[in-house]
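Notes follow the structure.
The values are calculated or read from the model by the stated rules, or taken from the named source; none is laboratory data. All values reported here derive from a predicted model rather than from experimental measurement. No Cβ is skipped: glycine too gets one built from the backbone with ideal geometry, and neighbour counts run over all protein chains shown. Side chains are part of the model used for accessible areas, which takes the heavy atoms of the whole protein and leaves out ligands, DNA and RNA. Shrake-Rupley method; radii C 1.70, N 1.55, O 1.52, S 1.80 Å.
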Amino acid sequence: MSQEACTPSQEGAAPPSAAAWRRHLGPAADGFGVADLVAGGSLPRVWAERWAAEPGRRVLWAAEAGGWVTAGELEERTRRRAGQLAALGVGPGDRVLSCLPSSLELVEWHVGALRLGAVAVPANPAYRERELAHVVADAEPAAVLVPDAERATWAAPAHPGATVVGPDTPRPDPADVPLDRAGPDAPALLPYTSGTTGAPKGALLTHANLLAGVRALVAAWRWSPDDVLVLALPLFHMHGLGVGLHGTLTAGAAAVLQPSFDAAAVLDAVAEHRATLFFGVPTMYARLVAADGAVALGVLRLCVSGSAPLPSDLHRRVEEVSGQRVLERYGMTETLMNLSNPYDGERRPGTVGLPLPGVEVRLSEGDHGEIELRGPNVFAGYWRRPEATAEAFTADGWFRTGDLAEVDADGYHRIVGRSKELIISGGYNVYPREVEEALAELPGVREAAVVGTPSPEWGEVVTAFVVREPGPAGGGGDGPVDAAAIERWCAERLAPYKRPRLIRFVESLPRNALGKVLRDQLR
C-alpha cells in the first residue's frame, strides 16, 4: 500500500469524500481533516491524558470489581499490568496474546500491553486446541494469557518461547517502565480474521490506524463523556474491542461490561445504569425484540448493528417494538469501521450508509462491484504473509475488501455479498443476500442462507438452506412451510435464474462467534 494512502495531508484538509463527512458531522466538518483523526499519536496516550485530567470519573462497570472503576483506578490497574508484562520479559513490539473471556481482567491486560508498547493479540476464548495453537504458532507471542490449565497445555507447545500465564501462575512484582511512548506508526494490534474461508491470518494494525478509526466514530456518532454503553459484545473481536472498548475510552465515556450476551441482562443494565448506547449483531437484536421489556431499547440514544447484515425486516421489527431506528455500519478486521448510516439523517434499512471521516471508498465497477478502501484506518498488510498482502491491494494502493456492494444516487451503500460467495449459474451472477432477503420475508421461514453448489448443467445451482418456524405455514397449508410454498414465493419475487433450485431444511445454520454464517460448511 502506498504511504500516501495512510499519511495525513500537510494541511489536514479533507479528502475527496468530504461531502460524506459533512453528512456525518454537519457544520463540525468544516476545518476537520485527516490530521485531526490521528492527533495525539496513539490511543493509550490519549487515554492517559484523559485519566490524568479527571481521575474520579467513572469509566467501567464490572461485576468482578463490585461496581464502577474510575479513571484513576483504571490508570493504576493498567500501569500494574504493563509492569507485570515487563517483568515477564515483554518489551515494546513483542506480541501479547490474550485468550481470556470478556472481563475487567482482560481490559487491564489489553490496555496494559498497549501502554507498554507491546502488540495485543486478541484470541477467542472458545477456541479449541487446534485453533488456539494455530494463532499462538503464527503470532509467536512473548506472553500468552489463558483462563485455565487446559488452554495453557494447548498454548505452550505451539510456541515454546512464550511465557504462558494461567490463573495459577505467580504474578511478578511490576517493573518500573516508561509507558505510553509508542509512536503512531508502531504496531499495536494483531487481530486474526474470522477464518470463515480458511485458516485465520493476522492483520497488523498500527496505533495510528486504531486512533483514526475510533476518532471517526466518536465524531460521526456524537460519542461524548455523557454516554454509557452496555457492552455485551465479546472483547476478542474488533466490534467489541476496537469499537466498544476503544471508543468508550477515547470519548471519555463509560461502559457497563457484560461477561456475555443475555437479552434480559442487557435490558436490565439499560435501566439500572441509564445507558445511552448499545452495539450488537443482528442475532442479538432478534433476541432483544423477542424478550419481555424490549420497549426499553427506545430510551437509548443510539443502537448500532454490525458484523453481519441486518435484515430489513428485523430493522422494522426493532422500530415497531421500541421506536428505535438501528444504525447499521460496515467494518472489517483489517480496516476497523468504513461506512455508517448517518446519526442525523435517514438511516436506510438494508444499507451500511456513507464513508466515514477519513475513509475513501470506491467500487470496482463504478456504481457496483467490490468495495475498495484507503485511509488512515487501513492496515498495511497481513502478518508475515507478503503474498496475501500483495493480493489484497490494488496497484494504486486501495485495499480490496472482497465485499460486493451497490451505491445509490444518494451515496448509500448496500452490501450484496462476498466476491467468493458470488454464484454463477448458467452464466448469470446471483448474489446470495438478495435471495436470502426474499426468503426471510416469507412467513414460516426463521432464517435462510444461500450458496452455490456444483452442477454439471449450470456450473452452480442456487441452493437454499432454510430454518423453519414451527407451527402453521405462512405459505399455505397446515404444517411448517414446505418447498412448494418457497418456490411459489420466490417465483413472484425473483427472476428465474435467482430462484433456489435446491432447498434443504435444517435445524440451524452454522455460524461463527459473531453470527456470520459459515458458508463453507453448508457447501
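At-a-glance table
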read-out	value
Within the stretch 379-436, considering residues that are within 27 Å of Tyr343 (Cβ to Cβ) and basic (Lys, Arg), the one modelled with the lowest pLDDT	Arg433
Output for the stretch 50-60, where each listed residue is open to solvent by 60 Å² or more (accessible area, probe 1.4 Å) and not in a loop (DSSP other than H, G, I, E, B)	Arg50, Ala52, Ala53, Arg58
Count of residues meeting criterion [touching an Asp or Glu at 6+ places or on another chain (Cβ under 9 Å) and surrounded by fewer than 24 Cβ atoms within 10 Å (Cβ to Cβ)] in the stretch 209-231	3
The stretch 326-374 - residue that is in contact with a Pro (Cβ under 6 Å, 6 or more places away or on another chain) and in a loop (DSSP other than H, G, I, E, B) and, of those, farthest from His237 (Cα to Cα)	Gly358
Residues satisfying the stated conditions in the stretch 407-430, i.e. closer than 17 Å to Tyr330 by Cβ, of a type in the set (Ser, Thr, Tyr) and either touching a residue at least 60 places away in the same chain (Cβ under 8 Å) or surrounded by 21 or more Cβ atoms within 10 Å (Cβ to Cβ) (or both)	Tyr412
Residue satisfying all of: in the stretch 149-170; among the small types (Gly, Ala, Ser) and within 14 Å of Leu97 (Cβ to Cβ); surrounded by the fewest Cβ atoms within 10 Å (Cβ to Cβ) among these	Gly161
Tally of residues being assigned to a helix (DSSP H, G or I), in contact with a Leu (Cβ under 7 Å, 6 or more places away or on another chain) and open to solvent by 40 Å² or more (accessible area, probe 1.4 Å) across the stretch 66-95	1
Candidates Arg325, Arg347, filtered to the one that is among the basic types (Lys, Arg) and touching a helix residue (DSSP H, G or I) at 6+ places or on another chain (Cβ under 7 Å)	Arg325
Flag for Ala271 being surrounded by 15 or more Cβ atoms within 10 Å (Cβ to Cβ), at pLDDT 95 or above and of a type in the set (A, V, I, L, M, F, W, C)	no
Residue within the stretch 328-347 that is in contact with a strand residue (DSSP E or B) (Cβ under 8 Å, 6 or more places away or on another chain), basic (Lys, Arg) and crowded, with 23+ Cβ neighbours inside 10 Å present	yes
Search result, residues across the stretch 210-244 that are among the hydrophobic types (A, V, I, L, M, F, W, C) and closer than 20 Å to Asp268 by Cβ	Val228, Leu229, Val230, Leu231, Ala232, Leu233
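Here's the yes/no breakdown for (1) among the polar types (S, T, N, Q); (2) in a strand (DSSP E or B):
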{"position": "Val144", "(1), (2)": "no, yes"}
{"position": "Pro147", "(1), (2)": "no, no"}
{"position": "Ala156", "(1), (2)": "no, no"}
{"position": "Thr169", "(1), (2)": "yes, no"}
{"position": "Val177", "(1), (2)": "no, no"}
{"position": "Asp180", "(1), (2)": "no, no"}
